[in-house]
Each structure stands twice: as structure tokens, then as C-alpha cells.
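The values are calculated or read from the model by the stated rules, or taken from the named source; none is laboratory data. Note that this is a predicted model, so its numbers are computed, not measured. All Cβ positions, even for glycine, are placed from backbone atoms using ideal geometry, and neighbour counts span all protein chains on display. To get the accessible areas, we keep the full protein, side chains included, count just its heavy atoms, and leave off ligands, DNA and RNA. Shrake-Rupley method; radii C 1.70, N 1.55, O 1.52, S 1.80 Å.
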Amino acid sequence: MLEHLEGRDQVLDIGTGEGQIARALTQAGTAVVGLDPTMQQVLTARERAGGPVYAVSRSDHLPVPSASFDGAVACLVYEHIDALDESFAEVARVLRPGGRFVLIINHPLLQTPSSGLIVDHMIDPPETYWRVGAYLQETATIEEINKGVHVRFVHRPLSRYLNGMIAVGLDLVAMHEPAPPPGFLVRVPEHEAEVVVNTPRLLALIGDRRQP
């Protein structure tokens, strides 16, 4: 995000959470407004300070003027909301022409419901592979990400995100599928490492607001 938003003057961080991304952008010299629908997250972000301005807001109704930012970011947010098209439209509204949107989501192909690493011990030697679930089917599930902590997850195919961006005037300029970082790989058993290192967990889509 720092790379693709470099040189932007004012950036909107949608779904800022506790403000980690907003603080990093501020330290790089960007003025940042962080928005989140959860008051507790906003209060935590304010406590951790670092320069950004924070407020409570949903992604489909951003409380900022039109064409007021030259950058926007949403990291691991849009797969948890229902109002996808409305949220894309709001991004396009608040961006100036030429403004950049960085969208990071769980990889739609490899993070579908029922997907995951499989180690088949019925074969000698055991075969390890990544199972892909019902990719084309839009599905909402509730996942327990920590003991007692449940999060709603909406799976959509990649085309849903790309076409949603295009429809509101965001032209794709780059797409990234980063490999898992070294700190993650050291936790993986040796016989699983090859599959994991070649299986991106995240997808980044970078789009620029179309010039009139």
C-alpha cells in the first residue's frame, strides 16, 4: 500500500480498524482519514494516535465530500460487507480524477468456503495439495477466527470485484498475488511448505479513477 499510494496527498482508509495502515501512511507523509463502522476500533485507533483523523462510518456511505481524496485503501474489508456495489460507488465518488484505490482482499479463488491445505495420507508418500471450494458460488459464512470471536465472510469470485470496480469508473492498473511472508512460512511443516509458498492468501487490486 505504501508503494502504490506513494506521493498521494490525502488518503481515505476504509475499514481502518485500529489504524495500523493509517499510521504507516501518515509516517510516510500522507494526510489520512481512517473510517470504521465499529466505535471501539475507532477509539483504539485514536488512543494509538500517530497522526490520522478517525471517525465512525460504513463503507457504503462515506461522510466526506465528493472528489476530496487522491487515494483510498480498503484492506480485508470488502469480503465482510454485503453492500459491495454501493461501497465501490462511494470510493469512486470521493476520489478525484486520477485518484488511486488500493483494494486488498482474501484471495477469492484460494479462500473460498471449504478450501484449504489437504495432506492425503492414503498415498505413499503422502500427497499435499490445496483444495478449492465452490468458487463461482457467492456464499456468506460465519467463521470463528479466535475462540469466541466470529466474523461474517462473504465469498465472491474475482470477476465480481473487477467488474464492480470497472462499473464505477475505476480502471485496473495492477494486480498482485503476494506469496506468504517468511515469518509465516517458518511455522509450516516441511512437507507442506512447497504448496503453501505457491498459494497466495491475499489479492491486491489497484485501480485509478477514470478521467472525465
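A 1.4 Å probe over all protein chains sorts Glu127, Glu144, Glu18 by accessible area into Glu144, Glu127, Glu18, starting with the largest. Segment 130-179 and segment 39-101 have their alpha-carbon centroids 18 Å apart.
Using a 1.4 Å probe on the protein heavy atoms, what percent of the accessible area of the chain belongs to carbon and sulfur?
On the way: 6080 of 11260 Å².
With neighbouring chains kept in place, the figure for the chain is 54 percent.
Shown for segment 52-96 is the translational diffusion coefficient from the Stokes-Einstein equation, using the Kirkwood radius over Cα pairs, a temperature of 10 °C and a viscosity of 1.306 mPa s: 143 µm²/s. Judged by the mean number of other Cβ atoms found within 10 Å, the most tightly packed of the peptides 200-212, 98-110 leads the ranking 98-110, 200-212.
When the chain is described by a simple charge dipole with +1 on each Lys and Arg Cβ and -1 on each Asp and Glu Cβ, the residue from Val56, Ile118, Gly17 located farthest towards its positive end is Val56. For the chain, a crude dipole built from +1 on the beta carbon of Lys and Arg and -1 on the beta carbon of Asp and Glu, taken about the Cα centre, is about 640 debye to the nearest 20. Values of log10 I(q)/I(0) for the chain across q = 0.07, 0.13 Å⁻¹ run -0.24, -0.79, by the Debye formula with one identical scatterer at each alpha carbon and no solvent.
If you restrict to DSSP beta bridges whose two residues both lie in segment 5-82, what percentage is antiparallel, to the nearest 5? It would help to have the intermediate numbers written out before the result.
Working: 0 of 13 bridges.
Roughly 0 percent of the beta bridges in segment 5-82 run antiparallel, per DSSP.
Residue farthest toward the positive end of the dipole of the chain, with Cβ of Lys/Arg at +1 and Asp/Glu at -1: which of Asn106, Pro157, Val33? After comparing all options, I get Val33.
Semi-axes of the equivalent ellipsoid for segment 134-198, please: Cα gyration tensor eigenvalues, times 5, square-rooted, ordered largest first, whole Å. All intermediate terms of the calculation are to be shown ahead of the outcome.
Working: eigenvalues 158, 85, 27 Å².
One finds semi-axes of 28, 21, 12 Å for segment 134-198.
Amide H to amide H distances under 5 Å link Arg100 with Gly71, Ala72, Arg209, where only residues 5 or more positions off or on other chains count and H is placed in the peptide plane.
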